[in-house]
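Comments concern the structure below.
The values are calculated or read from the model by the stated rules, or taken from the named source; none is laboratory data. Computed from a prediction, not measured in an experiment: that's the story for all the values here. Virtual Cβ from ideal backbone geometry, glycine too; neighbours counted across all protein chains shown. In case anyone asks, the SASA skips ligands and DNA or RNA and just uses the protein heavy atoms, side chains included. Shrake-Rupley method; radii C 1.70, N 1.55, O 1.52, S 1.80 Å.
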Amino acid sequence: MSFDNLCKLLSEKYPNHFTAWLIGGVPARVDVLKTELGIEPIRADSVTFLTLRNRILHLEFQTRLDSDPPLPLRMLDYWVRLYRLYRLPITQIIIFLTPPPGNEPIPTSFRVETTCHEYRIVKMWEQDPTIFLQTEALLPLAPLAATSNPQQLLAQVAQQVNAIQSNQKRQEVSSYTQILAGLRFEKSLIRQLFQENAMRESVIYQDILQQGEQKGLQRGIELGREEGRLEGRLEGQESGERSLVLRQLTRRFGELPEPLVMTIAQLALPQLESLAEALIDFTTKLDLVTWLLTHRLGELPTSTKSQLQSATATQLETLVTALPTINSQSDLEALLSQSPQ
């Protein structure tokens, strides 16, 4: 789930800050470990393993209590595999982002007969928000912290985000914060407090918006209608969102091929907003291409998805080149069948 994966991304990007928050103190060095564990490899998509001096810190982020296998068994399984591999003391912490339904008790140990394994639970809704408001690394978690006035806390978080000096850093932190805030707040309120304020402070966005308004005003003059100003503002908003999405994708995958840029340029504002939320889960360009194809053609058949997943680098390059011209499932199937295996 994107919330869990976003927290994993943050903890691996800022391991020192997460370590200081959860266990106190700032170690001289914190390394991120791989997330595949033998004997039979398991991959932990929302789990972070950090190695400190003579200790491993295992973090897991959860929005749901139910799990298969159950969480206590998973924590024991991780502990055994980690210890087998590194032979170091292990501190395990599950960070719950939201309360379970009906405040159901959260188990803190695995117990079967003489076997007992314990781990820590951190409940975000019981955490003091002060520590999260003090650093950009933890700021995205602040909307989930303890408060008697959630809306006031969210407004305070938005102010902290808007105060970040770097445009690039402010946009990045704002995106992360808005995604996690969606666990607790209505989308309309989040947009009101973040996008309207932060975007209007952006020099780039102001320039785009101004150009859009000027274009709309000119069109309004030509047509003799006031609607030109509104149309120009909408065009400016769409251009601003597109610019932000392209910047985020470029930072993740490097310079994008022109056909990808052309395809994204054709997206309307609602689709750009959806892409901005979806791209946090993208790990390869194929994820982006699949999203764009699904948006344009509808849900892809299982067989087509399998072909995409097994596509070679050459096939993917061919697919990207043809992307602007693919307008139906049959177009895609024909292209995949013609591509060299």
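Selection of helices (runs of 4 or more DSSP H) fully inside region 238-341 by the criterion of at least 2 residues being open to solvent by less than 50 Å² (accessible area, probe 1.4 Å) and over 28 Å from ARG191 (Cα atoms) returns 285-297, 302-309, 313-322, 329-338. Taking region 93-106 on its own, how many of its residues are more than 25 Å from the chain's Cα centre (by Cα) and either open to solvent by less than 60 Å² (accessible area, probe 1.4 Å) or modelled with pLDDT of 95 or more (or both)? So the count comes out to 1.
For LEU180, the criteria (1) open to solvent by less than 70 Å² (accessible area, probe 1.4 Å); (2) in contact with a helix residue (DSSP H, G or I) (Cβ under 9 Å, 6 or more places away or on another chain); (3) in a strand (DSSP E or B) hold in every case but one, which is (3). Evaluating GLN151 against the criteria (1) more than 17 Å from the chain's Cα centre (by Cα); (2) buried (at least 17 other Cβ atoms within 10 Å of the Cβ); (3) part of a helix (DSSP H, G or I) leaves one unmet condition, (2). In region 311-337, the residues that are modelled with pLDDT under 80 form Cβ pairs under 8 Å with partners that are among the acidic types (Asp, Glu) and surrounded by fewer than 18 Cβ atoms within 10 Å (Cβ to Cβ), at six or more places apart or across chains, as follows: THR325/ASP331. If you go through region 107-148 and keep only what is part of a loop (DSSP other than H, G, I, E, B), open to solvent by 30 Å² or more (accessible area, probe 1.4 Å) and hydrophobic (A, V, I, L, M, F, W, C), you end up with just ALA146.
For region 164-177, a residue qualifies if it is hydrophobic (A, V, I, L, M, F, W, C) and assigned to a helix (DSSP H, G or I), and exactly one does: VAL173.
Filter region 4-29 for residues that are in contact with a helix residue (DSSP H, G or I) (Cβ under 7 Å, 6 or more places away or on another chain) and open to solvent by 20 Å² or more (accessible area, probe 1.4 Å); which is modelled with the highest pLDDT?
Per the criteria, the residue is TRP21.
Pairs meeting the criteria (first residue in region 85-106 and in contact (Cβ under 8 Å) with a residue 40 or more places away in the chain, second residue among the basic types (Lys, Arg), beta carbons under 6 Å, at least 6 apart or on different chains) are ILE93/ARG120. The numbered conditions (1) modelled with pLDDT under 90; (2) small (Gly, Ala, Ser); (3) out of contact with any Phe, Trp or Tyr (no Cβ under 9 Å at 6 or more places or on another chain) are all true for SER174 except (3).
Residue check: is MET199 hydrophobic (A, V, I, L, M, F, W, C) and at pLDDT 80 or above?
For MET199, the condition - hydrophobic (A, V, I, L, M, F, W, C) and at pLDDT 80 or above - is not met.
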